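Written below as structure tokens is the structure these notes are about.
The values are calculated or read from the model by the stated rules, or taken from the named source; none is laboratory data. Quantities reported herein were computed from a predicted structural model and do not represent experimental measurements. Positions of Cβ are backbone-derived with ideal geometry, glycine not excepted, and every protein chain shown enters the neighbour counts. Calculation scope for accessible area: heavy atoms of the full protein, side chains included, ligands and nucleic acids excluded. Shrake-Rupley method; radii C 1.70, N 1.55, O 1.52, S 1.80 Å.
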Amino acid sequence: MKQRLSSYAPPIVVLAALTGLWYLASYLLLSPSRRFLMPPPHVIVAQGLSRDTLAELLPALSRTALISATGLAISIAVGVTWAIAMSQAPWIQRSLFPYAVVLQCIPVLALVPLIGFWFGYGFPARVIACVMVALFPMVSNTLFGLQSVPASFREMFRIQGASRSTTLLKLELPTALPAILAGMRISAGLSVVGAIVADFFFRRGQVGLGALISNYQSRVQTPQLFAAIGLACLFGVTVFWMFGWLTHRVVGRWSPTP
């Protein structure tokens, strides 16, 4: 009981302090005519989470979740395969890794118009933008895990005459599992960001959280805007926590996770 209290009390205290500062800023720093810029929390709850607003937010959340889940699955498959290929020979890593870095450095917002031109503005384009954001952590973390196998272990497998595939499946991948799961955890959060950013710009077709945020901003519906942003944050934190829980369950106590 005491351990749980020590774990949950600090963030609750910080939340209460931030809520108090929010009320102070809303009522003391802003005049009534400008209070719409930062409405107090109870107004956001009353108007932003009304039945009509939830009727828009929940379907949009489901579409954003589908895009982020699809993008994350593709990022995991492509990232792990890419990293395995680079781990097999130094010349492959020298040939392919620079392009992974380039993919990470290119601002996805600069490529969104091209993605729209090439793939349209529907589900595939949103997934591609999501993959571009979430792919690099999977590549880099998996490659790091595969290359962190102790040399003595590799030598032992070589002496026993193990093939390259046997070494990969029975030594390298199990050793790299904590790093792979850490990459999944990072990519999971980024996939949510990628899905919302893509939906923010690809406003055609079915509406997701990004499009709703844009619509609320243009209509100056501040409580609804805060509610949509809060729901997006809650969704991202939930996904991040789920993969942290998965990491703890799979690799156990020998790989510490917060």
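If I filter segment 29-66 down to residues being in contact with a Pro (Cβ under 7 Å, 6 or more places away or on another chain) and assigned to a helix (DSSP H, G or I), which single residue comes out as modelled with the lowest pLDDT? Break it down stepwise before answering.
Filtering segment 29-66 down to residues in contact with a Pro (Cβ under 7 Å, 6 or more places away or on another chain) leaves 39, 43-44, 47-48.
The next check asks that each one be assigned to a helix (DSSP H, G or I); those that pass are 43-44, 47-48.
Numbers: Val43: 85, Ile44: 85, Gln47: 83, Gly48: 80.
Only one residue tops the list, namely Gly48.
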Query raised in the report: From the list Ala125, Ala179, which residue is under 30 Å from Thr53 (Cα atoms), within 18 Å of the chain's Cα centre (by Cα) and hydrophobic (A, V, I, L, M, F, W, C)?
Result: Ala125
Query raised in the report: Which number in (1) open to solvent by 50 Å² or more (accessible area, probe 1.4 Å); (2) at negative phi; (3) touching a residue at least 40 places away in the same chain (Cβ under 8 Å) marks the one condition that Thr142 misses?
Result: (1)
Query - Selection within segment 59-75 - open to solvent by 60 Å² or more (accessible area, probe 1.4 Å) and either β-branched (Val, Ile, Thr) or closer than 9 Å to Ser191 by Cα (or both) - result: Ile74
Query raised in the report: Quick check: anything in segment 209-222 crowded, with 22+ Cβ neighbours inside 10 Å, closer than 23 Å to Ser87 by Cβ and hydrophobic (A, V, I, L, M, F, W, C)?
Result: no
Query - Test result for Ala129, at negative phi and touching a helix residue (DSSP H, G or I) at 6+ places or on another chain (Cβ under 6 Å) - result: yes
Query - Evaluation of Arg219 against (1) within 24 Å of the chain's Cα centre (by Cα); (2) farther than 24 Å from Ile74 by Cβ (one fails), failing number - result: (1)
**Report entry** Breaking point among (1) of a type in the set (D, E, K, R); (2) farther than 29 Å from Leu169 by Cα; (3) open to solvent by 40 Å² or more (accessible area, probe 1.4 Å), for Arg94
**Finding:** (2)
Report task. Identify the single condition in (1) in contact (Cβ under 8 Å) with a residue 12 or more places away in the chain; (2) closer than 23 Å to Ser218 by Cα; (3) surrounded by fewer than 16 Cβ atoms within 10 Å (Cβ to Cβ) that Thr19 does not satisfy, given that it satisfies every other one. Result -> (2)
Requested in this report: Tally the residues that are in contact with a Leu (Cβ under 8 Å, 6 or more places away or on another chain) and farther than 20 Å from Val250 by Cβ, restricting the search to segment 163-194.
Outcome: 0
Report task. May I ask you to list the residues in segment 26-44 that are under 22 Å from Ala232 (Cβ atoms) and either open to solvent by less than 60 Å² (accessible area, probe 1.4 Å) or free of Cβ contacts under 8 Å to residues at least 60 places away in the same chain (or both)? Result -> Ser26, Pro39, Pro40, Pro41, His42, Val43, Ile44
